[in-house]
1. For the charge dipole of the range B:73-199, defined by +1 on Lys and Arg C-beta atoms and -1 on Asp and Glu C-beta atoms about the Cα centroid, which residue among B:Val177, B:Asn76, B:Ala154 has the Cα displaced farthest towards the positive pole?
2. Determine the shielding of peptide B:187-194 by partner chains: average, over its residues, the number of Cβ atoms on other chains within 10 angstrom of each Cβ.
3. When the helices in the protein assembly as shown are scored as -39500 (n - 2.57) per DSSP H run of 4 or longer and the sum is shared across all residues, what 222 nm value do you end up with, to the nearest 500 deg cm²/dmol?
4. When only DSSP loop residues count, what GluC sites (Glu not before Pro) in the range B:161-199 have their Cβ near at most 16 other Cβ atoms within 10 Å?
5. Through the Karplus equation 6.51 cos²θ - 1.76 cosθ + 1.60, θ set to phi - 60°, convert the phi angles of the range B:6-20 into ³J(HN,Hα) values in whole Hz; use x for Gly and Pro.
6. If I model a spin label as a point 7 Å beyond the Cα along the Cα-Cβ vector, how far apart are those points for B:Phe58 and A:Ser370 in nm?
7. In vacuo Debye scattering of chain A, one point per C-alpha: log10 I(q)/I(0) at q = 0.07 Å⁻¹?
8. Convert 4 °C to kelvin, take the viscosity as 1.567 mPa s, use the Kirkwood radius over C-alpha pairs of the range A:193-348 as Rh, and evaluate the Stokes-Einstein diffusion coefficient in µm²/s, rounded to a whole number.
Amino acid sequence: MALTLFEKIWQEHVVMEKAGQPALLYIDLHLIHEVTSPQAFEAMRVAGRKVHAPGRTFATLDHNIPTIDRDRPIADPDSALQVEMMKKNCREFGLELFDLASPDQGIVHVIGPELGLTQPGMTIVCGDSHTATHGAMGALAFGIGTSEVEHVLATQCLWQVKPMTFSISVDGKLLPGVSAKDMILAIIGRIGTDGATGCAVEYRGSAVAALSMEERMTVCNMSIEAGARAGMVAADQKTIEYLRGRKYVPKGADFDKAAARWLEFKTDDGAKFDRELRIDAKDIAPQVTWGTNPGMVVEVTGKVPDPAAMKDESARKSVAAALEYMALKPGTKIEDINIDRVFIGSCTNSRVSDLANAAKVVKGRRVAKSVHAMVVPGSQHVKLEAEKMGLDKIFIDAGFEWRESGCSMCLGMNPDILKPGERCASTSNRNFEGRQGKGGRTHLVGPEMAAAAAIAGHFVDIRNWGNH
Amino acid sequence: MKPFTNFTGLVAPLDRSNVDTDQIIPKQFLKAVVRSGLGRGLFFDWRFTPEGKDNPTFVLNHPQYKGAEILVARANFGSGSSREHAVWALQDYGFRAVIAPSFADIFFNNCGKNGLVTIILKPEEVDAIFQSIAKHPGYKLSVDLAAQKVSDEAGWSAHFEIAAHSKRVLLEGLDDVALTLEHASMIEAYEKQHPVPYR
């Protein structure tokens, strides 16, 4: 029978299943971080349980850590305590931790692929909703809560209801100036923030195949913003070349053997999906969000919508509430919106190619006087590589701050936050109320668009950047 | 987990769709290392003014909803971040059930693991509840999980679907990990066929 990529991975990982019940699914890789794990370890301790498969769990510090002065103790006592607990828990339960001194430290969804921990055909979980990022490598990866973190630590398995399959096909060629971020924002804008609830999405089509591995990660990363359980792209030769030589992948002949197996994880011709959506790549323009969820998005040439023009009462109410929070008037041109802050970073857009693309826009220019801009690389490896390329110098010369790796202002658990009322062009994934700081106003964009906004002081259509 | 028992509780209306978990409990409360005491962070940015006083316009601060045990909201409740703190905060505040036309997946799972009952009703049934709350101060609903039914004193009721397995876990207050460990031999057999791929 013709199977989808999702079904192949699912079937291979079912330990047991009974009709009418969730399946017991084996988890190949469990990634943990300091914020969603302490209560899980505490429960393990209380029950006197050991970690079932310590070789399959890897820990990093990313969510609450500072991105400056890393040689000094963490000033915030609550963050310092979580970091200490992560170290203690990893020591006691025998788990590998990439701590602040490690050259492998970084955002959990950046380091998984980067270190080769993430491999095609795997099941991967993490107590973080952006775990679908790893699906870019042809894996089934999804976010879980802390109780499930405990369950995986104790059993290396999870009870899972089989999701529906959803094929989102983007065909043709993305136009110049249109990024992977624009592709996923356009998809979310089309189907809504609950448009893929209960689904494992497979991104397909020629425009997806043409994306680099890092671009595929950007697309899969935001699957949760459409409500999807998982987002994935089948492994191909690009995936194999990306993984070759990475720290945790097999070496020599074993790698070739693994690669041959990895390439089998793809949707068979004729396989059926529960749902399908086709999008023409040429219909996608650079995107900017205007509201308080990622589905509230328009093209950069567009305008802030008018709630009065909406027939549906619930839509009218949510748009009005969003505009009030965002302090935007209906009909305002997106390019006329001035910004105070720029954040280039997060598990969505903090990899070397993201930074290199932003640097191209910035090179030889200056950040607008009214704007405070920062770049936060996704990992120590990204930071080092970017510095070798001289990207740090381009950003610093333009007036950007160049920081240490972490989640930073994507969720503002560390000191990197917006002040009330500040407006930010951000390459992160969520524009929820207060996400980047209480009262802060977030507009989601791709790295090039964020960089251009930093220079201009307002949103600009990156397709016209040459004229600036 | 404590077994679920049927109850009748005061209903509080949160007339919003896409309520995300950043709203249910903001980031600063994620620095907790225990599950308890998170009720103070529930809907923090909506419940309190920047000066830290009760925001009188927020629904949970209206005196008639003090002591509410059931929250009713619009579609896609619990979207966004996987933070289980959202569930712990709702429970610590006193909620035992949430009613909405739909829930986000991870939040829905997290509720099940903690015994917070998520009740999916049709949009028109949710509408009816909002209207009843507006008309009848002190409006209460009874939740009967075994019968999969919510009802009020006036005789209105609605049926809801719940997976048989989830229902059993809630009704018996089963420990998920203990249940799984009953299948330890099958997990070990699986692992013999699938060794750790690293090093």
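1. The listed residue farthest towards the positive side: B:Asn76.
2. Average neighbour count from other chains, rounded to a whole number: 4.
3. Calculated mean residue ellipticity at 222 nm is -9000 deg cm²/dmol.
4. Counting only loop positions with at most 16 other Cβ atoms within 10 Å, the GluC sites (Glu not before Pro) in the range B:161-199 are B:Glu161, B:Glu182.
5. 4, 8, 10, x, 5, 10, 10, x, 10, 7, 9, 9, 6, 5, 8
6. 3.1 nm
7. Per q value, in the given order, log10 I(q)/I(0) is -0.34.
8. 69 µm²/s
Each value in this text was obtained by applying a stated rule to the coordinates, not by laboratory testing. Please read all numbers here as calculations on a predicted model, not as lab measurements. Quick reminder, even Gly has a Cβ in these numbers, built from the backbone with ideal geometry, and neighbours come from all protein chains shown.
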